[in-house]
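Enquirer: Questions regarding the structure given below will be posed in turn.
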Amino acid sequence: MKFSRLVFDIDGVIYRGRDFIPGVPEVLREISREHEIYLLTNNSTRHREDYVRRFLQEGIEIEKERVFTSASVTAEFIFESFGKRRIFPVGEEGLERELREAGHEVLDLSADPGEIEAVAVGMDRGVNYEKISLASRAVRRGAMLIATNQDVTFPSERGLEPGAGSILASIEAASGRKADIVIGKPSPFMLSFIRKRIEAEDEEILIIGDRLDTDIASGKALNLRTALVLTGITSKTDLNKIPEEDRPDYVFEDLRELLKFLKER
């Protein structure tokens, strides 16, 4: 069966750092003529509209409803599961905007720990002692602790940097509680959330990523077909080290090779 819905991880597949990987925009423009493209990322710092605008600059049209960040899924999950909540975010503008747009009341450092109903933790390059202190006190008072993702580090031009998982770990340690739920990959939750919004049979969906432990693992957990591209963090050597059952269905050097594969199906 032809793959009609393609779910792309962003970092390492489409982006390298803050820029498109050379040649990727041309490939995506061609793929989008015959396939429906979805974007999926653990990055909680950026709003979905940021991706829509950036892709449009390269001639790639994608609706906001087909872009899923760990921040947007976190915000929607809380609203669908618990209704409007008073939330203290340990995160950046992308997370705060998504929470507000989902209908939540976003609280700041002036909030009393007792009025906070949920703490949402994402990547926060402005994190400080006061944020961690308020978040941990709120969790000890009974607030839900929800993590956008558990990525302990992320790659940057300077090397590996502390990620959302490092911030989460400090709040867990200070509050004495583990996160109630983790939304992002490798948890299958995020992809499961997206799967419900894709109108297609499982056989028509292909998950494309660059990490075996997140992108491929979460796709396999839902019994979806997976494709690994070697433009990101995973090498052929890494691939050969894992059991056969954990390997992706397809492996491509880059998205141009994926495009060739799709044309031949």
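Enquirer: Which members of the range 142-180 meet the condition of being over 18 Å from T214 (Cβ atoms), among the small types (G, A, S) and part of a helix (DSSP H, G or I)?
Expert: Once the filter is applied, which keeps residues that are over 18 Å from T214 (Cβ atoms), among the small types (G, A, S) and part of a helix (DSSP H, G or I), the range 142-180 yields S170, A173, A174, S175.
Enquirer: Checking the condition part of a loop (DSSP other than H, G, I, E, B), aliphatic (A, V, I, L, M), free of Cβ contacts under 8 Å to residues at least 40 places away in the same chain and not assigned by TED's automatic domain parsing to the domain that holds V127, which residue from I198, I242, I216, I233 passes?
Expert: I242
Enquirer: Here's a follow-up. Have a look at A227, A169, A217, A173 and point out the one that is of a type outside the set (D, E, K, R) and over 21 Å from the mean Cα position of the chain (by Cα).
Expert: Residue meeting the stated conditions: A173.
Enquirer: Starting from residues that are assigned to a strand (DSSP E or B) and without any contact (Cβ under 8 Å) to a residue 40 or more places away in the chain, keep the ones in the range 221-230 and report whichever is surrounded by the fewest Cβ atoms within 10 Å (Cβ to Cβ).
Expert: Taking the candidates together, the pick is T226.
Enquirer: Filter the range 15-24 down to residues that are in a loop (DSSP other than H, G, I, E, B) and in contact (Cβ under 8 Å) with a residue 60 or more places away in the chain and give me whichever is surrounded by the most Cβ atoms within 10 Å (Cβ to Cβ).
Expert: I21
Enquirer: Further question on the same structure: Are there helices (runs of 4 or more DSSP H) fully within the range 38-141 with at least 2 residues that are at pLDDT 95 or above, more than 28 Å from G12 (Cβ to Cβ) and of a type in the set (F, W, Y)? List them.
Expert: Here the list reads 70-82.
Enquirer: Out of all the residues in the range 25-49, which are over 28 Å from A75 (Cβ atoms) and in contact with a strand residue (DSSP E or B) (Cβ under 9 Å, 6 or more places away or on another chain)?
Expert: Passing the criteria: only I31.
Enquirer: What are the residues in the range 37-62 that are within 22 Å of V121 (Cβ to Cβ) and among the hydroxyl-bearing types (S, T, Y), if any?
Expert: T41, S44, T45, Y51
Enquirer: Within the range 37-57, can you find the residues that are of a type outside the set (S, T, Y) and touching a residue at least 40 places away in the same chain (Cβ under 8 Å)?
Expert: Residues satisfying the conditions are L40, N42, N43, R46, H47, R48, D50.
Enquirer: Please work out if S81 is over 24 Å from S218 (Cα atoms) and hydroxyl-bearing (S, T, Y).
Expert: Against the criterion (over 24 Å from S218 (Cα atoms) and hydroxyl-bearing (S, T, Y)), S81 does not qualify.
Enquirer: Using the structure shown, decide if S81 is surrounded by 15 or more Cβ atoms within 10 Å (Cβ to Cβ) and of a type in the set (G, A, S).
Expert: no
Enquirer: Another question, if that's okay. For residues in the range 211-238 being farther than 18 Å from D11 by Cα and of a type outside the set (D, E, K, R), which is modelled with the highest pLDDT?
Expert: My answer is L224.
The values are calculated or read from the model by the stated rules, or taken from the named source; none is laboratory data. Everything numeric here is computed off the predicted structure, so don't read it as measured data. As a convention, Cβ positions derive from the backbone with ideal geometry for all residues, glycine included, and neighbour counts pool all protein chains shown.
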